[in-house]
1. Output the qualifying pairs, or none if there are none: Cβ atoms under 7 angstrom, residues six or more apart or on different chains, first residue in segment 84-99 and of a type in the set (Gly, Ala, Ser), second residue in a loop (DSSP other than H, G, I, E, B).
2. Suppose we filter Lys145, Lys163 for residues that are more than 17 Å from the chain's Cα centre (by Cα) and either open to solvent by 40 Å² or more (accessible area, probe 1.4 Å) or small (Gly, Ala, Ser) (or both); which single one remains?
3. Return the pair list, or none, for Cβ contacts closer than 7 Å from residues in segment 134-148 that are of a type in the set (A, V, I, L, M, F, W, C) to residues that are open to solvent by 70 Å² or more (accessible area, probe 1.4 Å), at least 6 apart or on different chains.
4. Does Gly109 fit the bill of being more than 28 Å from Lys178 (Cβ to Cβ) and part of a loop (DSSP other than H, G, I, E, B)?
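The values are calculated or read from the model by the stated rules, or taken from the named source; none is laboratory data. Not measured: the values here are computed from a predicted model. When we count neighbours, we look across all protein chains shown, and the Cβ atoms used for this are built from the backbone with ideal geometry, even at glycine. Note: areas computed on protein heavy atoms with side chains; ligands, DNA, RNA excluded. Shrake-Rupley method; radii C 1.70, N 1.55, O 1.52, S 1.80 Å.
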Amino acid sequence: MKKFYLITTSILMVVSTLVAIPASSAAEKGWRYWGYFQAAPSANVWSEAMTGPTVPMADGSVEGWVFTFSGGSVTQAAQPRVKPSFAKICGKTAAIEGSKQVALVVDFGRRVLTPKGEKVQKTITKCVNVAKASTGFDVLGAVVKVRTSAGGFVCGFNGYPAKECGVEISTPTSLIPKK
């Protein structure tokens, strides 16, 4: 009987190592997408936009977009790497009477997030004069060519990324917080 238990225990141990997958070997997943941020007039820090870009923004505000990642242990989307400074971005651009001025930052993200076969584009910072009723999408469209999905999800700017739209990927190891 002792031999039976020894063989049964050995078989169970082998089977459990074949069936059980350690949590550390499971790939962490998340989403690669265009994140949308805003800074109110006179603010010098980014805030994640609580609305989509279809709402008007104030004269003197800063709109920010960044190709980013979140999911798994990376719970916060990276902010644009350029500080939201209306004065610095729009300081030399003349305002047009009857319009509003908005600063725009488009950060094409970190190299580690670049889709295979593509190259990260240079960050765009531009001052835009738009009609008073303009939305964040109007400001963006005045500077870059925007590609959206059929459902209206923002997919790409100036051809980056070329094809994907908010895809799930394995978390790049360089983005996983150190313990």
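1. Ser85/Asn44; Ser99/Lys132
2. Every option except Lys145 fails the conditions.
3. Filtered contacts from segment 134-148: Phe137/Thr54; Val143/Lys126.
4. no
Table: residues versus (1) closer than 26 Å to Asn44 by Cα; (2) of a type in the set (Ser, Thr, Tyr); (3) at pLDDT below 95.
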position: Glu118; (1), (2), (3): no, no, no
position: Lys122; (1), (2), (3): yes, no, no
position: Val143; (1), (2), (3): yes, no, no
position: Phe153; (1), (2), (3): no, no, yes
position: Pro172; (1), (2), (3): no, no, yes
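Residues checked against (1) in contact with a Ser or Thr (Cβ under 8 Å, 6 or more places away or on another chain); (2) of a type in the set (Asp, Glu); (3) surrounded by 16 or more Cβ atoms within 10 Å (Cβ to Cβ):
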| position | (1), (2), (3) |
| --- | --- |
| Pro84 | no, no, yes |
| Val102 | yes, no, yes |
| Leu113 | yes, no, yes |
| Gly117 | no, no, no |
| Val130 | yes, no, yes |
